[in-house]
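K.L.:
Below you'll find the structure I mean.
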Amino acid sequence: MKFSFSEEQEEFRSFLRRFLEEKSPTTEVRRLMATDAGWEKEQWRKVNTELGLTAIAIPEEYGGQGFGLSEQCIVLEEMGRSLLCAPYFSSAVLTANAILYGASEEYKKKYLPEIASGDLTASLAFTEETGAWGISSMSMCAEKTENTYRLTGVKSFVLDGHMSDLIIVLAKVNDNSGSQRLALFSVDSTATGLTKNLLNSTDQTRKLAKLMFTDVEATCISSEDDVTEAMQKTFLKSCIGLSNEMVGGAERLREDTLEYVKMRMQFGRSIASFQVTKHKATDMLADVELAKSAAYYAAAAFDDGESDIAATASIAKASASEAYMQTAINAVQMHGGIGFTWDNDTHLWFKRAKSSEVFLGTADFHRELMMQSWDQ
Amino acid sequence: MSMNEEQVRNEVREWLKENWSPNLDLVEWRLKLADSGWGMANWPAEWYGRDLPVSLVPAIEEEFNKIGALTIPKSGIRMLAAATILNHGSDMHKEKFLKRIITGEDVWCQLFSEPGSGSDLAGATTKAVMVGNKWVVNGQKVWTTSAHKAHWGLLLARTDMDDTKHRGLSYFIIDMNQPGVETQPLMQMNGHASFNQVFLTDAEVLPDFQVGELGDGWQVATTTLMHERRAADSLRSWGQASKGDGPIYDQERVETETTMQPYKWYPQRAGRVDLIMDRAKETGAIKDPAIRQEIAKLMTLHKSAEWTARRARAAQEQGKPQGPEGSLGKLAASNVARAAAKVHTLISGANAMLTGEDSPMDGTIAEILVSFPASSIAGGTDEIQKNIISERVLNMPKETRFDADKPFKDIPRNTVS
């Protein structure tokens, strides 16, 4: 198991950091988050084409660069740091993995190269209005017609679901034998009977949609097998990806806050000279560094095929959920009044911390998952 | 592998072939090690070493281990004494002490901490005053491991009340077997007495036994403390005596057991995370949703602390500059110990009120519950750690000092000390 990044990885990271600082300053984040779309085709194409970010973790045989999750997590960490507004997590993480693990060869060949090139944006619609993250808790059931399937029901909390070209839907299918299995379906975003509602999300940099299906035509893209296992793998890989994205944001907040307290003068002295501030800053460092270790370890463990990976992914997500939110709370507190204003950038990360704390499961949810995998 | 290492390995093998025997007496064997320089190969050739770089020591020890030959234990206060003497001692000190440190015949202790100066070691008020041709020492030291068995003590004492706090200190080697030195065990809240208090009442030190110049005590003590940190790191591996049959192994086992005795409760101090899952299953506590959450919180903290340590080590091995992750181990360990004690309490329920044979695991759980507070105090409190990290890692302003640039006698200090 590797516990450090290679020189190439470090170089890639620092290049990417500079690049995103330039392309996604908070003025740009604020501009894009205020739009309904949440991102802009032209701007995203410029960022993506130069670096091939959507291709990085897709296998070479499907038009990708074939790197591991560890490399993709560097991208995610830096995106989390800069709050880049782009359909990356929805397309290149959630949906690409669902297709990679759950779709038949035909559909992998059809969709993955286009996702890799960035020409196709895709959303994975798996959660429903209950907001439950467990793969098995889905209730939508596809109805089989002669040549195709029809979907009716509601999918919610679908990341970038209002904007994506392609929607991949997780739904149950009734087999001839009378039993049910989970399958993946592709739905064109312009399909008849599909209504897409942009939800009002607190974190404006992360757009969520409610998708209402009324007898919508869908193509089954998975094989005859049940996709539960494929979806579990997709879920835990996405949790690891999100954890890395989160620690990137947490670290940026921590650094900005430290810089601010060093500059801020009160009572004739820098507020960084107060021991209570120093100790809090150290606690923040510990929170973020430990969460980083868990996120990095989980990505490397996934690439290494570690057997306890489900628990490890949950450790990473639980750790990131707690650390990011706590860092954000501390960041606002240490900024004082200015930190509570709209003009100050702290709330941008605070809100991302909140949405990520919940997205793909809160810390409590993941702690229960850990216990289930250890106590069998 | 460089030629150099290969040559050294060959030489060690050759020497061991001629000299090692499990039938030797332990001291006899260590004398051979001292005379040949193979015991402390990184020490100077004129002082029982071979002038070899410290990086070759693991290779040498590996050759020893291959044939079951005993090495010199590299830990313990006596090794701190050796490091200090090698750095700052006179030739007389080296001649008199080093060999018996290698053989293990002399036991040493460290007389730094005082009731009035714990985190602030340089605030020591134990005084050494020259009376006639001897130093006469008065004061009280505390947290002294092995003082009751020690032949010699490393003493930090104040020789000038008018000079500044740090400049007023000097460093001595004191003979522990004299009427002016009284040692009492110090009972801890967990019932163990791993340390001692030492009362110095007109205790005497010959002028020759001063280490370094007058007023250089703090600087010399810094050397000792630096080695103490390293020794703490190797404590774990040291605790495992070599396995082997023969009188020399028996002798070493007795020595190790005696030396390790004070540290028996240390695993409990760290919280015994290793026991959590089994205990939760045995007691059925694992079915309780609230306790499941607390166990998972603890495991998350424990695992991420472990991975942080691995990350720091990996960076170090690659010769990268130490990142912030390298300074967080001790703080993380305090948090893990605290969380573990809490979870053990939840798992044990009412039984957490009991101790000794009435309690779970014959008192081991009870011992965790009254030992963990030591984690966040010993070897630098969490608060001092946070000061150090915020100042050195985060580059935040240093604490305002009220004790610099003035005579020590004018600095406010504890009235009881």
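The values are calculated or read from the model by the stated rules, or taken from the named source; none is laboratory data. Here the structure is a predicted model, which means the values were calculated and not measured. A quick note on method: Cβ atoms are made from the backbone with ideal geometry, for glycine too, and the neighbour counts reach across all protein chains shown.
K.L.:
Could you run through region B:298-328 and say how many residues are at negative phi, more than 9 Å from chain A (Cβ to nearest Cβ) and surrounded by fewer than 14 Cβ atoms within 10 Å (Cβ to Cβ)?
P.N.:
Within region B:298-328, the subset at negative phi is B:298-318, B:320-328.
Restricting the remaining residues to those that are more than 9 Å from chain A (Cβ to nearest Cβ) gives B:298, B:302, B:316, B:321-322, B:326.
Of the ones still in play, those that are also surrounded by fewer than 14 Cβ atoms within 10 Å (Cβ to Cβ) are B:321-322.
Matching residues across region B:298-328 total 2.
K.L.:
Scan the strands (runs of 3 or more DSSP E) fully inside region B:99-209 and keep the ones with 3 or more residues being of a type in the set (Gly, Ala, Ser) and in the same structural domain as residue B:368 (by TED's automatic domain parsing). Let's see the steps before the verdict.
P.N.:
On the way: elements: B:108-111, B:127-131, B:134-145, B:152-158, B:169-175, B:181-186, B:195-205.
The strands (runs of 3 or more DSSP E) meeting that bar number zero.
K.L.:
Also, quick follow-up: Could you count how many residues in region B:390-417 are of a type in the set (Asp, Glu) and under 22 Å from residue B:170 (Cα atoms)?
P.N.:
Initial filter on region B:390-417 (of a type in the set (Asp, Glu)): B:391, B:399, B:403, B:405, B:410.
Retained after the next criterion (residues that are under 22 Å from residue B:170 (Cα atoms)): B:403, B:405, B:410.
Total satisfying the criteria: 3.
K.L.:
Is it the case that residue A:223 is closer than 26 Å to residue A:45 by Cα and either assigned by TED's automatic domain parsing to the domain that holds residue A:64 or surrounded by 15 or more Cβ atoms within 10 Å (Cβ to Cβ) (or both)?
P.N.:
no
Condition check ((1) touching an Asp or Glu at 6+ places or on another chain (Cβ under 8 Å); (2) surrounded by 22 or more Cβ atoms within 10 Å (Cβ to Cβ); (3) closer than 23 Å to residue B:15 by Cβ) across all residues:
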residue	(1), (2), (3)
B:32	no, no, yes
B:39	no, yes, yes
B:45	yes, no, yes
B:75	no, no, no
B:90	yes, no, no
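K.L.:
List the helices (runs of 4 or more DSSP H) that sit entirely inside region A:283-376 and contain at least 1 residues that are crowded, with 19+ Cβ neighbours inside 10 Å, touching a residue at least 40 places away in the same chain (Cβ under 8 Å) and more than 14 Å from chain B (Cβ to nearest Cβ).
P.N.:
Details: elements: A:309-335, A:346-358, A:363-374.
Once the helices (runs of 4 or more DSSP H) in region A:283-376 are filtered for at least 1 residues that are crowded, with 19+ Cβ neighbours inside 10 Å, touching a residue at least 40 places away in the same chain (Cβ under 8 Å) and more than 14 Å from chain B (Cβ to nearest Cβ), what remains is A:309-335, A:346-358.
K.L.:
State the number of residues belonging to region B:367-394 that are assigned to a loop (DSSP other than H, G, I, E, B) and either more than 30 Å from residue B:339 (Cβ to Cβ) or more than 14 Å from chain A (Cβ to nearest Cβ) (or both). Working first, answer last.
P.N.:
Of the residues in region B:367-394, the ones assigned to a loop (DSSP other than H, G, I, E, B) are B:377-381, B:393-394.
Going one step further and asking which of them are either more than 30 Å from residue B:339 (Cβ to Cβ) or more than 14 Å from chain A (Cβ to nearest Cβ) (or both), we end up with B:377-379.
Qualifying residue count, region B:367-394: 3.
K.L.:
Quick one: count up the residues across region A:197-237 that are farther than 13 Å from residue A:159 by Cα, polar (S, T, N, Q) and under 17 Å from the mean Cα position of the chain (by Cα). Give the steps one after another, and end with the answer.
P.N.:
The first filter runs over region A:197-237 and keeps only residues farther than 13 Å from residue A:159 by Cα, leaving A:202, A:212-237.
Next cut, polar (S, T, N, Q) only: A:202, A:214, A:219, A:222-223, A:228, A:232, A:234.
From what's left, under 17 Å from the mean Cα position of the chain (by Cα): A:202, A:232, A:234.
Counting residues in region A:197-237 that are farther than 13 Å from residue A:159 by Cα, polar (S, T, N, Q) and under 17 Å from the mean Cα position of the chain (by Cα) gives 3.
K.L.:
So, in region A:1-25, exactly how many residues are at the interface with chain B (Cβ under 10 Å from one of its Cβ atoms) and of a type in the set (Ser, Thr, Tyr)? Let's see the steps before the verdict.
P.N.:
So in region A:1-25, the residues at the interface with chain B (Cβ under 10 Å from one of its Cβ atoms) come out as A:1-7, A:10.
Now restrict to residues that are of a type in the set (Ser, Thr, Tyr): A:4, A:6.
Residues in region A:1-25 being at the interface with chain B (Cβ under 10 Å from one of its Cβ atoms) and of a type in the set (Ser, Thr, Tyr): 2 in total.
K.L.:
Here's another thing I want to ask about it. Can you tell me which residues in region B:267-278 are touching a helix residue (DSSP H, G or I) at 6+ places or on another chain (Cβ under 8 Å), in a helix (DSSP H, G or I) and under 30 Å from residue B:107 (Cβ atoms)? Steps first, please.
P.N.:
First, the residues of region B:267-278 that are touching a helix residue (DSSP H, G or I) at 6+ places or on another chain (Cβ under 8 Å): B:268-273, B:275-277.
Retained after the next criterion (residues that are in a helix (DSSP H, G or I)): B:268-269, B:273, B:275-277.
Scanning region B:267-278 gives B:268, B:269.
K.L.:
Continuing with this model, one more query. Output the number of residues of region B:254-297 satisfying the condition of being at positive phi and out of contact with any Phe, Trp or Tyr (no Cβ under 7 Å at 6 or more places or on another chain).
P.N.:
Filtering region B:254-297 down to residues at positive phi leaves B:271-272, B:284.
Retained after the next criterion (residues that are out of contact with any Phe, Trp or Tyr (no Cβ under 7 Å at 6 or more places or on another chain)): B:272, B:284.
Number of matching residues: 2.
K.L.:
Also, quick follow-up: So, in region A:252-270, how many residues would count as being crowded, with 17+ Cβ neighbours inside 10 Å and within 10 Å of another protein chain (Cβ to nearest Cβ)?
P.N.:
Number satisfying all stated conditions: 4.
K.L.:
Only one of (1) surrounded by fewer than 17 Cβ atoms within 10 Å (Cβ to Cβ); (2) at pLDDT below 95; (3) in contact with a Ser or Thr (Cβ under 9 Å, 6 or more places away or on another chain) fails for residue B:257. Which number is that?
P.N.:
If we test residue B:257 against (1) surrounded by fewer than 17 Cβ atoms within 10 Å (Cβ to Cβ); (2) at pLDDT below 95; (3) in contact with a Ser or Thr (Cβ under 9 Å, 6 or more places away or on another chain), just (3) comes out false.
K.L.:
Looking at B:108, B:135, which is the one that is in contact with a Gly (Cβ under 8 Å, 6 or more places away or on another chain) and either closer than 18 Å to residue B:198 by Cβ or free of Cβ contacts under 8 Å to residues at least 12 places away in the same chain (or both)? Please lay out each step first, then the result.
P.N.:
Working: B:135 fails: in contact with a Gly (Cβ under 8 Å, 6 or more places away or on another chain).
Checking each option against the conditions leaves just B:108.
K.L.:
Take the residues in region B:395-408 that are within 14 Å of chain A (Cβ to nearest Cβ) and of a type in the set (Lys, Arg), then tell me which one is surrounded by the most Cβ atoms within 10 Å (Cβ to Cβ).
P.N.:
Of everything passing the filter in region B:395-408, B:398 is surrounded by the most Cβ atoms within 10 Å (Cβ to Cβ).
K.L.:
Next question. Just to verify a result, which residue in region B:395-417, among those that are among the acidic types (Asp, Glu) and in a loop (DSSP other than H, G, I, E, B), is nearest to residue B:384 (Cα to Cα)?
P.N.:
Of all residues in region B:395-417, those among the acidic types (Asp, Glu) come to B:399, B:403, B:405, B:410.
Those still in the list that are in a loop (DSSP other than H, G, I, E, B) too: B:399, B:403, B:405.
Working: B:399: 11, B:403: 17, B:405: 22 Å.
Looking at the filtered set, the residue picked out is B:399.
K.L.:
Counting only residues that are within 20 Å of the chain's Cα centre (by Cα) and either within 14 Å of chain B (Cβ to nearest Cβ) or closer than 30 Å to residue A:300 by Cβ (or both), which one in region A:40-55 is surrounded by the most Cβ atoms within 10 Å (Cβ to Cβ)?
P.N.:
Among those residues, the one meeting the criterion is A:54.
K.L.:
Quick one: how many residues across region B:320-367 are of a type in the set (Asp, Glu) and under 29 Å from the mean Cα position of the chain (by Cα)?
P.N.:
Of the residues in region B:320-367, the ones of a type in the set (Asp, Glu) are B:325, B:357-358, B:362, B:367.
Checking which are under 29 Å from the mean Cα position of the chain (by Cα) leaves us with B:325, B:362, B:367.
Count: 3.
K.L.:
Still on this structure, please answer the following. Step by step: first the residues of region B:279-294, then only those that are within 11 Å of another protein chain (Cβ to nearest Cβ) and out of contact with any helix residue (DSSP H, G or I) (no Cβ under 6 Å at 6 or more places or on another chain), then the one that is surrounded by the most Cβ atoms within 10 Å (Cβ to Cβ). Which residue is that?
P.N.:
Only one residue tops the list, namely B:288.
K.L.:
Related question: Going through B:339, B:332 one at a time, which residue ends up being assigned to a helix (DSSP H, G or I), touching a helix residue (DSSP H, G or I) at 6+ places or on another chain (Cβ under 8 Å) and either within 12 Å of chain A (Cβ to nearest Cβ) or among the basic types (Lys, Arg) (or both)? Walk me through how you get there before you give the answer.
P.N.:
Working: B:339 fails: either within 12 Å of chain A (Cβ to nearest Cβ) or among the basic types (Lys, Arg) (or both).
On inspection, the qualifying residue turns out to be B:332.
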